[in-house]
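A.B. asks: Just dropping this structure here.
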Amino acid sequence: MSLQADNLTVYYQTLRGDVRALESATFGLRDGEIMGLAGESGCGKTTLGHSLILLVPPMKLVAGRVTLDGETLPIQDTERMNDFRFRKVSIIPQYAMNALNPTRKIGKMTEELLRSRGADYQAGLPELKRRLDLVKLSPGVLGMYPFELSGGMKQRMVMVLSTLLNPSLLIADEITSALDVSSQKAVAEMLVEFRNRGCCNSVIVITHDISILYQIADSIMVMYAGQLAEKASTEAIIHAPRHPYTRLLISSLPKIGARYTEKKLAGIPGSPPLLLDPPSGCRFRERCPVAFERCLEAPPFIEIEKGHFVACWREIEANAQA
Amino acid sequence: MLKLDQVSKIYKIGAFGSKDLHAVSNVSLEVQDGQIVSLIGESGSGKSTIGRMILHLISISSGRIFYDGADVSRLSGRALKDYYRRVQGVFQDPFSSYNPIFKADRVFKLIHDEYFPELSGAEWGEKVEGTLRSVGLNPEHVLDKFPHQLSGGQLQRFLIARALLLDIRFLVADEIISMLDASTRIDVLNLLADLESRGLSVLFITHDLFLGYYISERAVILYQGCVVEMGSTEKIYANPLHPYTRMLMASVPRLDRKWGEPAEAPNGKPLGPGAGCVYRERCPIAYAGSGCDREQPALSEVESDHSVACFHYTKG
């Protein structure tokens, strides 16, 4: 296991109380695994990603332990995390297009960034150019200002920057959401290429678009209202989902060849609960078509098949009988 | 019926407006009554510019727009206000469409003051509640709330309700679901389709081809301000002709097939920048001396209700 999180629980402190954005997340990532993290907005997927790299107020670590390559990550200690950030754990932020310093040429900015981590720019330059080539950017961009690049180019530039020190864990937060279908495909495929070439070891891809994950991820973890709902291999999640939320999420996507006049798609009725004071029991209960009495009790997130974890009483009971 | 006739938008860029940027070049299209037409393209293709020109948010550089036979390309004052009674728009970001310091239903009050001053408060309240129900919202849950208390899907439906209060005939829907979650976007999409069955025409602007296929009868594919393919949605999807349309189709992430190798082996060589076809720099089948490096091909009909602008098909 490259990354192992145990019972990771992160709340946001607000004046009206704690917002339980992430509760009891226990999961692992193999070496070289690309794990997709999917869910609706406000389900805690970005909180999970950020807690692994920059856990600052109003975020608060309530419980849990994270190990990366056998070493415990001091995620609650912002100072000590400095040794890990960028070197071992790195992130491609959600608005990567605005992540570049507008007042510096890109090469200058890269140099400053590397110097802050004690790395030498000149020594790393050949590798940097090789990677720029990998994302189809010419070395000339190093002499340009960010405003001279298009959105897709900036996104790719940030990808190169984030992985420059070969981090063990890369967190890609909604990196394709603001792009067109054609650049979306290019960026997603480059991410896989980076993993294949060892520019990063394992990757967590945070997105609300499951169809992108089907193209690039090895496994998918679905979150709902701050809790893990299901985790399994990509094939299993797409073709044999066990959690009712996953099933509804997949069936609400427009299929190829589906037309309004022939087959009307349905969304998921209702909306996720507020996490300031979440209901007890299964949090999906209110919207779940197959909820029953036992759902008043919170279901555990357990492995019902090899590598297939799910938090649903229906499935757990069905599995116990089988 | 709305008709665009050779509409162009040219922006002046560079120092002292020394250069021209053709955001939209000679686009002609029609939207019949009770029809949903999808306008599909990447960012920078000019799809939103067309929507904004129809809504008179920006002026037209050349060409004309007709609505029900009347020229509406240059309206002002009372005529423009009358036009807005029939034609309205809803935009991508529902959160920035509201003023956060006022309650969300202020958008309805503004419509009341501006367009229906003769209606009493009670009559108006009834009308608002009826319209909210027709877009699938429960008035008790959504009225008298601030924008941050409502979800993106609710705000977006609020804006559609606002447009419907005016008894509009034509709606420009500019990427209205791209910021919504998968679970709610389909509800907003179904709502649009229901409006169609009530006789409303919709120009559905999107970059997602499958959403366009799901909802519309006709589709228009734009690249750099030029229409490259248009016609019946079914025909375009069953048989995409323009290399750009094919590339778009192959890039859409889908759940039944993984991205493979490029389906089309390039038998031409993408040409460098310069005059000629707008797609020449990315086209896998363009080659010098075929016309691709001379001029932008005109739209020509390859089968009934399916036209494409590519020399590959017009040469015969």
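Laboratory data are not the source of any read-out in this text; all were calculated from the coordinates shown. Only a predicted model underlies this, so the values are computations on that prediction, with no experimental measurement involved. FYI the Cβ positions are ideal-geometry reconstructions off the backbone, even for glycines, and counts take in every protein chain you see.
A.B. asks: Please state which one of A:GLY32, A:GLY28, A:GLY36 is among the small types (Gly, Ala, Ser), within 16 Å of the chain's Cα centre (by Cα) and not in a strand (DSSP E or B). Spell out the reasoning first.
C.D. replies: Numbers: A:GLY28 fails: not in a strand (DSSP E or B); A:GLY36 fails: not in a strand (DSSP E or B).
Only one candidate qualifies: A:GLY32.
A.B. asks: Within the stretch A:137-151, does at least one residue satisfy the condition of being within 12 Å of another protein chain (Cβ to nearest Cβ) and either touching a residue at least 40 places away in the same chain (Cβ under 8 Å) or among the aliphatic types (A, V, I, L, M) (or both)? Steps first, answer last, please.
C.D. replies: Taking the stretch A:137-151 first, the residues within 12 Å of another protein chain (Cβ to nearest Cβ) are A:150-151.
If we keep only those that are either touching a residue at least 40 places away in the same chain (Cβ under 8 Å) or among the aliphatic types (A, V, I, L, M) (or both) too, we end up with A:151.
Yes, the stretch A:137-151 contains at least one residue that is within 12 Å of another protein chain (Cβ to nearest Cβ) and either touching a residue at least 40 places away in the same chain (Cβ under 8 Å) or among the aliphatic types (A, V, I, L, M) (or both).
A.B. asks: Are any of the residues in the stretch B:109-118 of a type in the set (Val, Ile, Thr) and within 14 Å of chain A (Cβ to nearest Cβ)?
C.D. replies: no
A.B. asks: OK, next. Can you confirm whether the stretch B:8-28 contains a residue that is of a type in the set (Phe, Trp, Tyr) and within 17 Å of B:VAL87 (Cβ to Cβ)? Show your work before the answer.
C.D. replies: Let us first name the residues in the stretch B:8-28 that are of a type in the set (Phe, Trp, Tyr), namely B:11, B:16.
This time we only want the ones that are within 17 Å of B:VAL87 (Cβ to Cβ), so: none.
No, there is no match, as no residue in the stretch B:8-28 is of a type in the set (Phe, Trp, Tyr) and within 17 Å of B:VAL87 (Cβ to Cβ).
A.B. asks: Next question. Taking the stretch A:120-136 as the search range and keeping residues that are in contact (Cβ under 8 Å) with a residue 40 or more places away in the chain and in a loop (DSSP other than H, G, I, E, B), which one is nearest to the chain's Cα centre (by Cα)? Spell out the reasoning first.
C.D. replies: To start, the set of residues in the stretch A:120-136 that are in contact (Cβ under 8 Å) with a residue 40 or more places away in the chain comprises A:124, A:131, A:134-136.
Among the residues that remain, those that are also in a loop (DSSP other than H, G, I, E, B) are: A:135-136.
Numbers: A:VAL135: 21, A:LYS136: 24 Å.
That would be A:VAL135.
A.B. asks: What do you reckon, is A:GLY226 more than 12 Å from chain B (Cβ to nearest Cβ), small (Gly, Ala, Ser) and crowded, with 24+ Cβ neighbours inside 10 Å? Can you show your working first?
C.D. replies: On the way: more than 12 Å from chain B (Cβ to nearest Cβ): yes; small (Gly, Ala, Ser): yes; crowded, with 24+ Cβ neighbours inside 10 Å: yes.
It is true that A:GLY226 is more than 12 Å from chain B (Cβ to nearest Cβ), small (Gly, Ala, Ser) and crowded, with 24+ Cβ neighbours inside 10 Å.
A.B. asks: Here is a list of conditions, (1) surrounded by 14 or more Cβ atoms within 10 Å (Cβ to Cβ); (2) in contact with a Lys or Arg (Cβ under 7 Å, 6 or more places away or on another chain); (3) in contact (Cβ under 8 Å) with a residue 40 or more places away in the chain, and A:ARG117 meets all of them except one; can you say which number that is?
C.D. replies: (1)
A.B. asks: List the pairs whose first member sits in the stretch B:143-160 and is within 11 Å of chain A (Cβ to nearest Cβ), whose second member is among the charged types (D, E, K, R) and crowded, with 20+ Cβ neighbours inside 10 Å, and whose Cβ atoms are under 7 Å apart, counting only residues at least 6 apart or on separate chains?
C.D. replies: B:GLY153/B:ASP187
A.B. asks: Just to be sure before I move on: is B:ARG86 touching an Asp or Glu at 6+ places or on another chain (Cβ under 7 Å) and touching a residue at least 24 places away in the same chain (Cβ under 8 Å) in the structure I sent? It would help to see each step written out before you state the result.
C.D. replies: On the way: touching an Asp or Glu at 6+ places or on another chain (Cβ under 7 Å): no; touching a residue at least 24 places away in the same chain (Cβ under 8 Å): yes.
Answer is no for this residue.
A.B. asks: Looking at the stretch B:178-194, which of its residues are facing chain A (nearest Cβ under 7 Å) and within 15 Å of the chain's Cα centre (by Cα)? Spell out how you get there, then give the answer.
C.D. replies: First, pick out the residues of the stretch B:178-194 that are facing chain A (nearest Cβ under 7 Å): B:181-184, B:186-187, B:190, B:193.
Across the stretch B:178-194, the qualifying residue is only B:ALA193.
A.B. asks: With the condition kept exactly as written, say whether any residue in the stretch B:195-207 is away from chain A (no Cβ under 14 Å) and at positive phi.
C.D. replies: Yes, some residue in the stretch B:195-207 is away from chain A (no Cβ under 14 Å) and at positive phi.
A.B. asks: Pick out the one residue from A:THR9, A:THR14 that is surrounded by fewer than 21 Cβ atoms within 10 Å (Cβ to Cβ) and without any contact (Cβ under 8 Å) to a residue 60 or more places away in the chain.
C.D. replies: Of the residues listed, the single one that is surrounded by fewer than 21 Cβ atoms within 10 Å (Cβ to Cβ) and without any contact (Cβ under 8 Å) to a residue 60 or more places away in the chain is A:THR9.
A.B. asks: Now for a separate question. Has the stretch A:198-205 got at least one residue that is within 14 Å of chain B (Cβ to nearest Cβ) and under 30 Å from A:THR246 (Cβ atoms)?
C.D. replies: So the first thing to find is which residues in the stretch A:198-205 are within 14 Å of chain B (Cβ to nearest Cβ), and the list is A:205.
Remaining after also requiring under 30 Å from A:THR246 (Cβ atoms): A:205.
Yes, that holds for at least one residue.
A.B. asks: Filter the stretch A:188-198 down to the residues that are surrounded by fewer than 22 Cβ atoms within 10 Å (Cβ to Cβ) and either without any contact (Cβ under 8 Å) to a residue 60 or more places away in the chain or not in a helix (DSSP H, G or I) (or both) and list them by number.
C.D. replies: Hits for the stretch A:188-198 are A:GLU189, A:MET190, A:GLU193, A:ASN196, A:ARG197, A:GLY198.
A.B. asks: Further question on the same structure: For residues that are more than 16 Å from the chain's Cα centre (by Cα) and either more than 24 Å from A:GLY118 (Cβ to Cβ) or in a loop (DSSP other than H, G, I, E, B) (or both), tally how many sit in the stretch A:49-84.
C.D. replies: 21
A.B. asks: Mind telling me which of the residues A:ALA236, A:ALA232, A:ALA172 ends up being of a type outside the set (Asp, Glu), more than 14 Å from chain B (Cβ to nearest Cβ) and touching a His at 6+ places or on another chain (Cβ under 6 Å)? Can you show your working first?
C.D. replies: Details: A:ALA236 fails: more than 14 Å from chain B (Cβ to nearest Cβ); A:ALA172 fails: touching a His at 6+ places or on another chain (Cβ under 6 Å).
Among A:ALA236, A:ALA232, A:ALA172, only A:ALA232 is of a type outside the set (Asp, Glu), more than 14 Å from chain B (Cβ to nearest Cβ) and touching a His at 6+ places or on another chain (Cβ under 6 Å).
A.B. asks: For the stretch A:85-119, name all the residues that are assigned to a loop (DSSP other than H, G, I, E, B), of a type in the set (S, T, N, Q) and in contact with a strand residue (DSSP E or B) (Cβ under 7 Å, 6 or more places away or on another chain).
C.D. replies: Filtering the stretch A:85-119 for residues assigned to a loop (DSSP other than H, G, I, E, B) gives A:86-88, A:93-95, A:99-105, A:117-119.
Adding the requirement that they be of a type in the set (S, T, N, Q) leaves A:94, A:101, A:103.
Listed by number, the list holds a single entry, A:GLN94.
A.B. asks: For the stretch A:244-298, enumerate the residues that are among the aromatic types (Phe, Trp, Tyr) and within 13 Å of another protein chain (Cβ to nearest Cβ).
C.D. replies: Going residue by residue through the stretch A:244-298, those that are among the aromatic types (Phe, Trp, Tyr) are A:245, A:260, A:284, A:292.
Across the stretch A:244-298, the qualifying residues are A:TYR245, A:TYR260, A:PHE284.
A.B. asks: Taking the options A:ALA178, A:ALA258, A:ALA240, name whichever one is hydrophobic (A, V, I, L, M, F, W, C), surrounded by fewer than 20 Cβ atoms within 10 Å (Cβ to Cβ), within 30 Å of B:GLN224 (Cα to Cα) and free of Cβ contacts under 8 Å to residues at least 40 places away in the same chain.
C.D. replies: Sole residue among the options that is hydrophobic (A, V, I, L, M, F, W, C), surrounded by fewer than 20 Cβ atoms within 10 Å (Cβ to Cβ), within 30 Å of B:GLN224 (Cα to Cα) and free of Cβ contacts under 8 Å to residues at least 40 places away in the same chain: A:ALA258.
A.B. asks: Which residues, counting only those in the stretch A:213-227, are out of contact with any Leu (no Cβ under 6 Å at 6 or more places or on another chain) and over 21 Å from A:ASP31 (Cα atoms)? Give the steps one after another, and end with the answer.
C.D. replies: Our first condition is that a residue be out of contact with any Leu (no Cβ under 6 Å at 6 or more places or on another chain); within the stretch A:213-227, this holds for A:213, A:215-219, A:222-225, A:227.
Matches in the stretch A:213-227: A:MET223, A:TYR224, A:ALA225, A:GLN227.
A.B. asks: Regarding A:GLN215, is this residue facing chain B (nearest Cβ under 7 Å) and within 18 Å of the chain's Cα centre (by Cα)?
C.D. replies: Working: facing chain B (nearest Cβ under 7 Å): yes; within 18 Å of the chain's Cα centre (by Cα): yes.
Criteria met by A:GLN215.
A.B. asks: So how many residues does the stretch A:116-130 have that are in contact with a helix residue (DSSP H, G or I) (Cβ under 8 Å, 6 or more places away or on another chain) and under 12 Å from A:LEU165 (Cα atoms)? Explain how you work it out, then say what you get.
C.D. replies: Start the filter on the stretch A:116-130 by keeping residues that are in contact with a helix residue (DSSP H, G or I) (Cβ under 8 Å, 6 or more places away or on another chain), which leaves A:120-121, A:124, A:128-129.
Narrowing the set further to residues that are under 12 Å from A:LEU165 (Cα atoms) leaves A:120-121, A:124, A:128.
Of the residues in the stretch A:116-130, 4 are in contact with a helix residue (DSSP H, G or I) (Cβ under 8 Å, 6 or more places away or on another chain) and under 12 Å from A:LEU165 (Cα atoms).
A.B. asks: Kindly indicate the residue of the stretch B:237-248 that is crowded, with 19+ Cβ neighbours inside 10 Å and hydrophobic (A, V, I, L, M, F, W, C) and also farthest from the other protein chains (Cβ to nearest Cβ) among those meeting that condition. Can you show your working first?
C.D. replies: Of all residues in the stretch B:237-248, those crowded, with 19+ Cβ neighbours inside 10 Å come to B:240-245, B:247-248.
In the following step, the residues that additionally are hydrophobic (A, V, I, L, M, F, W, C) were identified as B:241, B:247-248.
Values: B:LEU241: 18, B:MET247: 6, B:LEU248: 6 Å.
That would be B:LEU241.
A quick yes/no check of all residues on (1) touching a residue at least 40 places away in the same chain (Cβ under 8 Å); (2) crowded, with 17+ Cβ neighbours inside 10 Å; (3) at positive phi:
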{"residue": "A:TYR214", "(1), (2), (3)": "no, yes, no"}
{"residue": "A:LYS231", "(1), (2), (3)": "yes, yes, no"}
{"residue": "A:SER252", "(1), (2), (3)": "no, yes, no"}
{"residue": "A:LYS263", "(1), (2), (3)": "no, no, no"}
{"residue": "A:ALA266", "(1), (2), (3)": "no, no, no"}
